[in-house]
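See below for the structure under consideration.
The values are calculated or read from the model by the stated rules, or taken from the named source; none is laboratory data. Being a predicted model, the structure only gives us computed values, none of them experimental. Please note: Cβ atoms are built from the backbone with ideal geometry, for glycine as well, and neighbour counts cover all protein chains shown. The protein model used for the area step is the full one, side chains on, heavy atoms only, and it has no ligands, DNA or RNA in it. Shrake-Rupley method; radii C 1.70, N 1.55, O 1.52, S 1.80 Å.
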Amino acid sequence: MFYSMALFAPLAGFLFVTALGCRLGDRFSAWFTTACLGFSCCIFWGCLVDFAGGADPIYIHFLDWLTFPKLKVAWGLYIDTLTAVMLVVVTTVSFLVHLYSIEYMSHDESLSRFMGYLSLFTFMMLMLVTSSNLIQLFFGWEGVGLASYLLIGFWHYKDSANAAAMKAFIVNRVGDLGLVLGIATVYFLFGTVDIQPLLAMLSEQASQTFSFLGMRFPALEVAAFLFFIGAMGKSAQLGLHTWLPDAMEGPTPVSALIHAATMVTAGVFLVARLSPLYEMAPYARSFITIVGASTALFAGTIALTQNDIKRVIAYSTCSQLGYMFFAAGLSYYNIAIFHLFTHAFFKALLFLGAGAVIHALSDEQDMRKMGGIWKAVPVTASMMWIGSFALAGIPFFAGYYSKDAILAAAWTGEGASATYACVVGLVAAFLTAFYSWRLLYMTFSGVPRADEKVMSHLHEPGYLMQIPLIILSGGALFSGMLGLYFVASPDFWSNALVLSAGLPHIEGFFHYLPLMIALVGVGLATLFYQVLPEIPKKLSETFQAVYCFLSRKWYFDELYEFLFIKTSLKLGSFLWTQSDQRVIDRYGPDGVSQWCLSSAKRTSQAQTGYLYHYALVFVLGLVAAGLWFLFLS
């Protein structure tokens, strides 16, 4: 009963502010939606405690949603250990984002609409992670996409926000095509879309193949690849990542909600939920490992040269998602979810901390115009330092436990993909530490670079923005220690995940190597931005081509512009002029309307207004009628 109420509480908040928000006012609407999320958060933390104690999976049937002769889809609530972890992550971050937004968005004229969108987004994410079948999962998947479109484009009067929202929506549709095809594939193979029965029947179709272009492919590999294409779009992996940095056009609380714990982690959740399928698809797992590791490296190199504080953190998210995926590709699904769990806290902390900095600097986001503000905003600066310690993997902070576990999994893994992931993961660890400290030094240290007017208004945020930061800093400090004994433990997961290996444990030099590499990154950033600050400029001038390549994000946007956008526009223009205008319009609606007009014009010419003309027509008509009847007789 309470679980169902907690599931629908965000939806109730959205419907309430949509219907009555204008009458009751923004302040009341904001607090009401926040209270709904607080209720859900408390209930689902209790749920996680129950499952940590060994509770059995729960299924609550709501209604028979779709009924066809060969397909029946129910709508219900399925909770197991994996779902419980995701519910806690989603509702905790969403509740804190709601609370933070009350102050951060207080001067916005559409606060109630914004809070309603946040609640709708949260409800759709809850629908996704509690689904017992792939159709309900797809409903939540698309609902999250819709809500993210509304949130990214919330400031609709900005062309850049509208373009970013449209870009996120379209790029995600590319990945969603893979998800749809994956659902169709497993339905064709098993005749059901219910996840648990489907996973139980995998061995029955282990030898099934599909024929394409004269070649045969294992059916389960095909399904696994298709599902991962869907995950790539939602989790912004290499190739379908271009929407993620542009999504920074939305308000900062949106960035924290989308990029910390909810939308971008949906792909990781999908792969973990279908772990029995991926254990029977080794080629797909190798592909996931390579793509995840490549994404971690790619995003890390771009973050080195970004100057927008939110974009640096956005590319960091993209990189950390790569870590999660290559852990899953190595069959360490528990460690992938462990990193998802810790990442949610310290990344939400970094985004909300960045929002506090932007708020303090009168909406300035360019780090080149910051600096020297730590004395004026000590609480915000401290929170950002804690988040960066966790992100860089410094001991006793959350990221240290989860990221090191992923690198240990790659070190102990077998095959070329594991070796590649290990090497690339270590390089990405160095990049993470370097760009994290670059952000801290450019933002808080040195001489103030903002103008005097901005500096005169510099201030700490109010308590409604500070409380979420303090709570999340606790997560960034302690979630790794707690998760190591619960979320990372194979015993914790019961039957929710297929775990082909236990928790990796290594000793000797490699045990300390990730930390040593991170410290090298910190030291190099300190040298570049504290001791010898002229070095970065000289390097960018000396290696201008490399700097331009990285700052332009490997030219992915330009490449897609050339390959797809311009081509699509040219094709659309050709079809519009040659097909629509010259054929369809000419012989269709335009041609028919012109014929009607010309016919009416000719007919109207007979209406002269002279009586003898009408009498003549009358006589001629009588004569014609008489001749007609005479002819018939």
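As an exercise: evaluate V222 against (1) assigned to a helix (DSSP H, G or I); (2) open to solvent by 10 Å² or more (accessible area, probe 1.4 Å); (3) in contact with a Phe, Trp or Tyr (Cβ under 7 Å, 6 or more places away or on another chain); (4) within 29 Å of L120 (Cα to Cα) and give the number of the one condition it does not meet.
(4)
Residue by residue, here is whether (1) in a loop (DSSP other than H, G, I, E, B); (2) at pLDDT below 90; (3) under 18 Å from the mean Cα position of the chain (by Cα) holds:
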| site | (1), (2), (3) |
| --- | --- |
| G76 | no, yes, no |
| V90 | no, no, yes |
| L99 | no, no, no |
| H107 | yes, yes, no |
| F121 | no, no, yes |
| L128 | no, no, yes |
| W141 | no, no, yes |
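Can you tell me which residue among D194, D176 is of a type in the set (D, E), within 20 Å of L270 (Cα to Cα) and open to solvent by less than 20 Å² (accessible area, probe 1.4 Å)?
It is D176.
At least 1 residues that are open to solvent by 100 Å² or more (accessible area, probe 1.4 Å) in each: list the helices (runs of 4 or more DSSP H) lying fully within the range 532-621 that qualify.
535-542, 544-551, 566-574, 589-604
List every residue pair whose Cβ atoms lie under 6 Å apart, where the two residues are 6 or more positions apart in sequence or sit on different chains, the first residue falls within the range 9-28 and is of a type in the set (D, E, K, R), and the second residue, located anywhere, is buried (at least 16 other Cβ atoms within 10 Å of the Cβ).
D26/L111; D26/S112
Tell me the residue from D26, D56, D50 that is at pLDDT below 90, open to solvent by 10 Å² or more (accessible area, probe 1.4 Å), acidic (D, E) and under 21 Å from S119 (Cβ atoms), please. Give the derivation first.
Details: D56 fails: under 21 Å from S119 (Cβ atoms); D50 fails: under 21 Å from S119 (Cβ atoms).
D26 is the lone residue from the list that is at pLDDT below 90, open to solvent by 10 Å² or more (accessible area, probe 1.4 Å), acidic (D, E) and under 21 Å from S119 (Cβ atoms).
Just to be sure, is Y149 aromatic (F, W, Y), open to solvent by 50 Å² or more (accessible area, probe 1.4 Å), on the phi < 0 side of the Ramachandran plot and not in a helix (DSSP H, G or I)?
no
Applying the selection to the range 59-79, what residues are among the β-branched types (V, I, T) and either open to solvent by less than 30 Å² (accessible area, probe 1.4 Å) or within 30 Å of A19 (Cα to Cα) (or both)? Walk me through how you get there before you give the answer.
Residues of the range 59-79 that are among the β-branched types (V, I, T), as a first pass: 60, 67, 73, 79.
If the condition is that a residue be among the β-branched types (V, I, T) and either open to solvent by less than 30 Å² (accessible area, probe 1.4 Å) or within 30 Å of A19 (Cα to Cα) (or both), then I60, V73, I79 are the ones that fit.
What number goes with the only condition from (1) under 25 Å from S479 (Cβ atoms); (2) open to solvent by 40 Å² or more (accessible area, probe 1.4 Å) that G355 does not pass?
Of (1) under 25 Å from S479 (Cβ atoms); (2) open to solvent by 40 Å² or more (accessible area, probe 1.4 Å), only one is false for G355: (2).
Here is a check on your reading of the model: is S207 of a type in the set (S, T, Y), assigned to a loop (DSSP other than H, G, I, E, B) and either open to solvent by 10 Å² or more (accessible area, probe 1.4 Å) or in contact with a Cys (Cβ under 9 Å, 6 or more places away or on another chain) (or both)?
yes
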